[in-house]
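**Student:** The structure follows.
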Amino acid sequence: MSALADTMSRALAALQERINQTPAPPDKDALIAQYDALFAIYEERVDDDWTHAAKKVRDAAAAVQAVIDSGKSSPLANLAPALAAATANLKAALVGLPSAPVALIPAARGPVTAPAPGPVAAGPAPAAIPIAPTGAAIPLTQAGLENACQKLAVKAAEIWAVLFTETDPPYCGFWANGSPQILYEQHIFHRLTQGKFDVAHPDISSPDAGNYGASGAHQYARLKQAAALDESAALQSASWGIAQTLGTNFKRLGFATPQVMVKQMFYSEDEQLLAGVKEILASDLAGALAAHDWKSFATGYNGPAYWKNNYDEHLHSWHAKLVSGALPDLRVRTAQVYLMYLGYDPSTIDGIWGKRTQSALNQYRTKIGLPASDQLDDPTMAALSKDAQAATGAAVPVL
């Protein structure tokens, strides 16, 4: 991240801390309004080449930081107006600054290469999300989890805390139909397409974040609408898989196109997790994760507005639960994922052997002519794997 973008990020984090210390309206509401205004500028321009920004822009950003720093000791009534003036000055300084999207990782890191466990398209695909080959939607493996722990120098509990925080229930990188879990971001699509679809398609293109709606099929419905207008921008406007990697990161993670990245997201949770690991490394967040500095990790991975959804608190809560109890058993978790693919309901995909998982497994055993059991034996696991892979391999592309 360039020095200017870093200044903006630190300013937002400092302002958030000041908001947290502010007891009540109207002062708190005024500061939140200024935070939203400042964050809108940061989010719209974070992919620009800040390194070469004009001196007036750098000075304006520094002035915003100075106002926030001085506000730690100044009267609350004075902070919001001063910050409003500084933010307006920054916005004015940005007028005319050309956008030049670049990968926000230091050049010294070099390109990040991505493995290709299945056939990968060399260039942009036609107007349809490329479905992965037969045997896709593979659940997380022990090798994939250990690889993530090794690359980040963290324990499994830290990895699981991020994954449980990032995904919606039932906490899997895939939905029951084998498509990756996604969240579509209308404000990203607006930014990537310069707002040209805002008027005709305000439900999928807007300068404001939000309007998410239900998870699952609804997110793909929105993505499909956006892809019909601009496929590349649409794929970049969703976060993908078990680590919810935003499509705009495709270049910094070593993917040639958004389509190539998305195909890997369809392939396996190992690939989804690896993309998240690369994002953590590229953003210098591994140390914060290892140290359980949840606020710093949240700021870098979820964004400066992480506090609005208590992202850091969720990380802390999940980690505390994981270290005080049992970590997910990947064999049990794999069975839960396969059962979900086949239409059974093991409840949460948490790798914990419970009554719901046992009930779902026995329903499956009955269907294939086996007696009920309280064990996940090898013959049942082999049959589950075969049937689930056949089901996901025959899946119809979602777009």
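**Student:** Within the range 270-281, identify whether any single residue is open to solvent by less than 10 Å² (accessible area, probe 1.4 Å), closer than 30 Å to Ala320 by Cβ and either charged (D, E, K, R) or at pLDDT below 95 (or both), and answer yes or no.
**Tutor:** Within the range 270-281 (the criterion being open to solvent by less than 10 Å² (accessible area, probe 1.4 Å), closer than 30 Å to Ala320 by Cβ and either charged (D, E, K, R) or at pLDDT below 95 (or both)), the answer is no, since none of the residues qualifies.
**Student:** Next up: Scan the range 351-358 and tell me whether some residue there is free of Cβ contacts under 8 Å to residues at least 24 places away in the same chain, under 27 Å from Ala217 (Cα atoms) and either touching a Phe, Trp or Tyr at 6+ places or on another chain (Cβ under 9 Å) or of a type outside the set (Asp, Glu) (or both).
**Tutor:** yes
**Student:** Counting just the residues of the range 338-369 that are of a type in the set (D, E, K, R) and surrounded by 18 or more Cβ atoms within 10 Å (Cβ to Cβ), which one comes out nearest to the chain's Cα centre (by Cα)?
**Tutor:** Per the criteria, the residue is Asp350.
**Student:** Still on this structure: Any residue at all in the range 248-260 that's charged (D, E, K, R), touching a Phe, Trp or Tyr at 6+ places or on another chain (Cβ under 8 Å) and either open to solvent by less than 50 Å² (accessible area, probe 1.4 Å) or modelled with pLDDT under 95 (or both)?
**Tutor:** No, the conditions are met nowhere in the range 248-260.
**Student:** Can you go through Ala335, Ala320, Ala391 and tell me which one is more than 21 Å from the chain's Cα centre (by Cα) and under 30 Å from Ile19 (Cα atoms)?
**Tutor:** It is Ala320.
**Student:** Which residue is farthest from Ala137 (Cα to Cα), if the candidates are limited to the range 176-219 and must be in a helix (DSSP H, G or I) and open to solvent by less than 20 Å² (accessible area, probe 1.4 Å)?
**Tutor:** Looking at residues that are in a helix (DSSP H, G or I) and open to solvent by less than 20 Å² (accessible area, probe 1.4 Å), I get His187.
The values are calculated or read from the model by the stated rules, or taken from the named source; none is laboratory data. Everything numeric in this text was worked out from a predicted model, so none of it was measured. When we count neighbours, we look across all protein chains shown, and the Cβ atoms used for this are built from the backbone with ideal geometry, even at glycine. To get the accessible areas, we keep the full protein, side chains included, count just its heavy atoms, and leave off ligands, DNA and RNA. Shrake-Rupley method; radii C 1.70, N 1.55, O 1.52, S 1.80 Å.
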